[in-house]
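Everything on this sheet refers to the single structure shown next.
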Amino acid sequence: EKFKTILDDSEMDFKISHMWIISQRESEWGFLHSHTGSISGILYLEIPNDMGGALAQDDKRRNLAGCISFAEGVPGMYRNAVKHVQPMKGDLYLFPAELMHTIYPFFGDGERRSLSFNINVIKSPKK
């Protein structure tokens, strides 16, 4: 109900503030970071057929080859602070810009290509 009231009393404009392409090859990764703006997004344009997961799986821990991971808060008994996702070609992820995330390397031939962007949400009173 509170959320509905906020939306009823304002208009929202969405403006892309930044947009870029990321092209990664074998063993390349992205450090843990966040973005500016209100909303960030990643559209996966190309994903290698084989991320080399079998090569990366050297123990009983989860295989993170090629994953994107989102981190928030601290882990607890009933809460995991990190969500790991194995992206597929065409996947679109939208998330709060301040959410920390990282991209793990893959091991094999091919290219991981994505389109990333930041969006500012501008709220103004209804006319």
Residue-ordered couplings for the range 80-95, obtained by feeding phi - 60° into the Karplus form 6.51 cos²θ - 1.76 cosθ + 1.60 and rounding to whole Hz (Gly and Pro as x), are 9, 7, 10, 10, 9, 10, 9, x, 10, 4, x, 5, 10, 10, 10, 7
If R₀ is 35 angstrom, what is the calculated FRET efficiency for the pair GLU11 and GLU72, using the beta carbon separation as r and rounding to 0.05? 0.75
Note: LYS123 to GLU98 extended length (0.36 nm per residue) minus current alpha-carbon separation gives 7.2 nm
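Every read-out reported here was derived from the displayed coordinates using simple, explicitly stated rules and does not represent laboratory data. Everything numeric here is computed off the predicted structure, so don't read it as measured data. No Cβ is skipped: glycine too gets one built from the backbone with ideal geometry, and neighbour counts run over all protein chains shown.
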